[in-house]
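Below: one structure, written as structure tokens.
The values are calculated or read from the model by the stated rules, or taken from the named source; none is laboratory data. Just so it is clear, the model here is predicted, and its values are computed rather than measured. Methodologically, a virtual Cβ is constructed for each residue, glycine included, from the backbone with ideal geometry; neighbour enumeration extends over all protein chains shown. Just the protein is used for accessible areas: all its heavy atoms, side chains included, with ligands, DNA and RNA removed. Shrake-Rupley method; radii C 1.70, N 1.55, O 1.52, S 1.80 Å.
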Amino acid sequence: MARSLRFSPLILGIFLLAGFLAYLNWPAEEQAQQRRGGGATPVVAETVSVEPFAIVIEALGTAQANESVELTAQQAQTVKLIAFDDGDIVEKGDLLVELNNRAEIARVNELEINIADAKRQLQRIENLAKDRVASQQLLDEQRARVDALSAQLDVAQANLSELKIHAPFSGKLGLRQVSIGTLVRPGDVITTLDDIERVKVDFNLSETHLASVSKGQSVTAASVAYPGETFTGQISTIDARLDPMTRSINVRAIIDNPEGKLRPGMLLQITVQKRVLNTIVIPEKALIPNQEKQFVFVIEEGIAHSREVKVGERRPGIAQITSGLSPGETIVTEGTLRLRDQSPVQILDTK
């Protein structure tokens, strides 16, 4: 009786250890039994159909103003008047800056007075010439003097006009670089003017795409500054030559920018649509890569069958299928990682 009591703790410990090991292994055993029992895997499926699928070319380009100029002085003179503020929108012909023009105004006034006097003299000589009192030589000399003074007036008026700087086209001004009284010389930048109602974008395409682009073809542009927003335009020019080093061709597009959101220097993602195909398109997440091949799970009578497919063009999130699927078939789009060939499935949602 004493011996039986002495071994009772040992026997009790063995039973406890066996129970603990059974407890640890029970979930895995239960999962294995479920797999052997053929429990259906829940999945999300989609019915295959033929849809329009745009084949596009993508490239990067930098925005440039449709027209851009640095406004400079043509004569050395001090600034008399500034008629704009930084960033103003101006129309063609608007006065922007006037330089000191007192000497030129005086010169113009002097010449106008001299011309008026010379014309009176000419009129008097012409009247005398009719009565043969004045010689033809005197008449010719006076006419030449009037013509010379008129030419001098044209030069003076041109010099005077150069002291007024006008907007050569409509657009948006940049930052002002001068102040009243600043001495500017020819070439000194006063401000910049950009026409950004439309922007130019130059981008390069591989020679393999040369036959797919043409003048007037529609393009879209996107910028990281405006997520989800696109800007439309057209190809305006295709370069006459390819780059022999990169085998690419330079293409220029004009992008509409009526609200002025796009600015010169912006990096733009350009998309050119080559053509639109009516083809089978599926979500990329339905594809299962295996080495260099692609597979999908096709559901038939509640069973998922692995099938190889051929993938054509791709776009973010979707892929064209050129062979391996037919319209009307149902494929797994979510839950593929839990499936094997011939796995039973339970469809939770069908798109």
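Among all positions in the stretch 101-113, there is no residue which is in contact (Cβ under 8 Å) with a residue 60 or more places away in the chain and part of a strand (DSSP E or B). Just one residue in the set ALA118, ALA129 is touching a Lys or Arg at 6+ places or on another chain (Cβ under 6 Å), in a helix (DSSP H, G or I), of a type in the set (Gly, Ala, Ser) and at negative phi; that residue is ALA118.
Residue count for the stretch 246-265 satisfying the condition of being closer than 17 Å to ASN204 by Cβ and part of a loop (DSSP other than H, G, I, E, B): 2. Among the residues of the stretch 114-149, write down those that are of a type in the set (Gly, Ala, Ser) and loosely packed, with under 15 Cβ neighbours inside 10 Å. Passing the criteria: ALA116, SER135, ALA144, ALA148. State yes or no: is LEU175 aliphatic (A, V, I, L, M), over 21 Å from the mean Cα position of the chain (by Cα), farther than 25 Å from ALA103 by Cβ and exposed (fewer than 13 other Cβ atoms within 10 Å of the Cβ)? Answer is yes for this residue.
So, in the stretch 220-248, of the ones that are aliphatic (A, V, I, L, M) and open to solvent by 90 Å² or more (accessible area, probe 1.4 Å), which residue ends up farthest from GLN273 (Cα to Cα)? Filtering the stretch 220-248 for residues that are aliphatic (A, V, I, L, M) and open to solvent by 90 Å² or more (accessible area, probe 1.4 Å), the one farthest from GLN273 (Cα to Cα) comes out as MET245.
Here the stretch 132-147 is the region considered, the condition is being acidic (Asp, Glu) and more than 60 Å from the chain's Cα centre (by Cα), and the residue that is nearest to ILE113 (Cα to Cα) is GLU141. VAL97 meets the conditions (1) touching a Phe, Trp or Tyr at 6+ places or on another chain (Cβ under 6 Å); (2) open to solvent by less than 50 Å² (accessible area, probe 1.4 Å) in every case but one. The failed one is (1). Note on the stretch 331-351: among residues that are open to solvent by less than 30 Å² (accessible area, probe 1.4 Å) and among the β-branched types (Val, Ile, Thr), the one that is nearest to ILE57 (Cα to Cα) is THR333. Close Cβ contacts (under 6 Å, 6 or more residues apart or on different chains) running from residues in the stretch 257-279 that are open to solvent by less than 30 Å² (accessible area, probe 1.4 Å) to residues that are outside any strand (DSSP E or B) and of a type in the set (Phe, Trp, Tyr) are absent. Every residue in the stretch 287-318 that is touching a helix residue (DSSP H, G or I) at 6+ places or on another chain (Cβ under 7 Å) and at pLDDT 90 or above, please. Listed by number, the residues that qualify are ILE288, VAL296, PHE297.
What are the residues in the stretch 178-190 that are touching a Lys or Arg at 6+ places or on another chain (Cβ under 9 Å) and surrounded by 15 or more Cβ atoms within 10 Å (Cβ to Cβ), if any?
Correct list: ILE190 only.
The residues listed here are ILE180, ILE165; of these, the one that is touching a residue at least 12 places away in the same chain (Cβ under 8 Å) and touching an Asp or Glu at 6+ places or on another chain (Cβ under 8 Å) is ILE165. For the stretch 220-243, the tally of residues that are at pLDDT below 90 and either under 10 Å from the mean Cα position of the chain (by Cα) or not in a strand (DSSP E or B) (or both) stands at 1. Entry remark, the stretch 206-219: residues being part of a strand (DSSP E or B) and open to solvent by 30 Å² or more (accessible area, probe 1.4 Å) number 2 in total. Selection of the stretch 267-297 for residues being among the aliphatic types (A, V, I, L, M) and under 23 Å from ALA54 (Cα atoms) yields LEU268, ILE270, VAL272, VAL276, LEU277, ILE280, VAL281, ILE282, ALA286, LEU287, VAL296.
Note on the stretch 295-326: residues that are buried (at least 19 other Cβ atoms within 10 Å of the Cβ), without any contact (Cβ under 8 Å) to a residue 40 or more places away in the chain and not aliphatic (A, V, I, L, M) amount to 0.
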